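Step one of this worksheet: look at the structure below.
The values are calculated or read from the model by the stated rules, or taken from the named source; none is laboratory data. This structure is a prediction, so every number in the text was calculated from the model and none was measured. Note: ideal-geometry Cβ built from the backbone for every residue, glycine included; neighbour counts use all protein chains shown.
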């Protein structure tokens, strides 16, 4: 049987550790997540884990980047299926709000809470979160097809993402699907004036 090349084995191990870190943080919280726990979940030795990530903060930084990349990948994959008609705004808002549910958001939330009282973690987290936030905002602008040079548009896009985080928090305690559905519909109506001013190319046809 052909052995997996060393470089590929290294990438595989790193990926398993990062994915295990996200799972552990979501389930156990920051204080319950140690390098040893992550290594066990990933099925590697603690020494191997520390070879790739010398400190827990290094591993958390990689986990935060992973969460952001997965979220944006999901948006890009679903973007091809978006309608081009008047229902597009509602579909986009629903997609954006859906980013902040599930284990990825749970892991991020645990880290945010822990960082509020852990200076070392905060120093690691804040710059990474800024990058992830900018990418999420840029993607939201692209999907909505809005022009941020128009007064108030940038704030409306950011408010959409802030709303999504708040609803994601509410959904952690109880299934908030029904209420979120109503909010998606109402918020989409409020966004429409900004979206109506767009002029973007969609499947070769300019929508105005």
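Rundown of residues vs (1) at pLDDT below 85; (2) out of contact with any helix residue (DSSP H, G or I) (no Cβ under 6 Å at 6 or more places or on another chain); (3) under 30 Å from residue 12 (Cβ atoms), yes/no style:
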| site | (1), (2), (3) |
| --- | --- |
| 58 | no, yes, yes |
| 63 | no, no, yes |
| 66 | no, no, yes |
| 86 | yes, yes, no |
| 92 | no, no, no |
| 106 | yes, no, yes |
| 116 | no, yes, no |
Any residue that is at pLDDT below 85, closer than 18 Å to residue 109 by Cα, part of a helix (DSSP H, G or I) and out of contact with any helix residue (DSSP H, G or I) (no Cβ under 7 Å at 6 or more places or on another chain) - is there at least one of those in the range 147-167? no
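Counting only residues that are in a helix (DSSP H, G or I) and touching a helix residue (DSSP H, G or I) at 6+ places or on another chain (Cβ under 7 Å), which one in the range 94-104 is surrounded by the fewest Cβ atoms within 10 Å (Cβ to Cβ)? Talk me through it step by step, then tell me what you get.
Within the range 94-104, the first condition is being in a helix (DSSP H, G or I), and the residues that meet it are 94-98, 103-104.
Filter again for touching a helix residue (DSSP H, G or I) at 6+ places or on another chain (Cβ under 7 Å), leaving 94-97, 103-104.
Working: 94: 17, 95: 20, 96: 23, 97: 23, 103: 13, 104: 22.
Filtering first and then ranking leaves 103.
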Quick one: how many residues across the range 29-48 are in a helix (DSSP H, G or I) and in contact with a helix residue (DSSP H, G or I) (Cβ under 7 Å, 6 or more places away or on another chain)? 9
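Kindly indicate which of 82, 72, 109 is under 18 Å from the mean Cα position of the chain (by Cα), touching a residue at least 60 places away in the same chain (Cβ under 8 Å) and surrounded by fewer than 18 Cβ atoms within 10 Å (Cβ to Cβ). Break it down into steps so the answer makes sense when it comes.
Values: 82 fails: under 18 Å from the mean Cα position of the chain (by Cα); 109 fails: surrounded by fewer than 18 Cβ atoms within 10 Å (Cβ to Cβ).
Of the residues listed, the single one that is under 18 Å from the mean Cα position of the chain (by Cα), touching a residue at least 60 places away in the same chain (Cβ under 8 Å) and surrounded by fewer than 18 Cβ atoms within 10 Å (Cβ to Cβ) is 72.
Per-residue answers, yes or no, for (1) more than 30 Å from residue 158 (Cα to Cα); (2) surrounded by fewer than 16 Cβ atoms within 10 Å (Cβ to Cβ); (3) touching a residue at least 24 places away in the same chain (Cβ under 8 Å):
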site: 7; (1), (2), (3): yes, yes, no
site: 31; (1), (2), (3): yes, yes, yes
site: 44; (1), (2), (3): yes, no, yes
site: 53; (1), (2), (3): yes, no, yes
site: 66; (1), (2), (3): no, no, yes
site: 87; (1), (2), (3): no, yes, no
Pairing a residue in the range 119-139 that is under 19 Å from residue 155 (Cα atoms) with any residue that is modelled with pLDDT of 90 or more and part of a helix (DSSP H, G or I), where Cβ atoms lie under 8 Å and the two sit 6 or more apart in sequence or on different chains, gives 133/161; 136/161; 137/157; 137/158; 137/161
